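First the structure, in the form of structure tokens, and then the observations on it.
Read the figures in this text as sums done on the coordinates, not as results from a lab. Note that this is a predicted model, so its numbers are computed, not measured. Virtual Cβ from ideal backbone geometry, glycine too; neighbours counted across all protein chains shown.
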Amino acid sequence: MLSKARDAADDLVQATCLRAIELADQFVPGTRIDQWLFAILRSIWLNEIRSQRIRGGGGFVDAEDVLISDGAREMETNITASMG
């Protein structure tokens, strides 16, 4: 899980859905939609972490410094489990 706060996670999912709608014309048929959506979600999340650090006076932060887990394996496990 990228965010341990439920409200923040809900906001992140909502922002992802909105961005996906905005970028729908860029979706390539045949691409796995779950991977496309997760890439959008991760990008939004990393941008928010970076902006929080900058606003807090921490300066620019490299993405690798804030990642505990990229969530991809957990997401794939959840998707696979829900399909079964």
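Brief remarks on what is shown
- Per-pair calculated FRET efficiency, R0 = 25 Å: residue 47 and residue 24 via Cβ, rounded to 0.05: 0.80
- Loop-located trypsin sites (Lys or Arg not before Pro) across the stretch 1-55 with a Cβ neighbour count of 13 or fewer within 10 Å are 4, 32, with loop assigned by DSSP.
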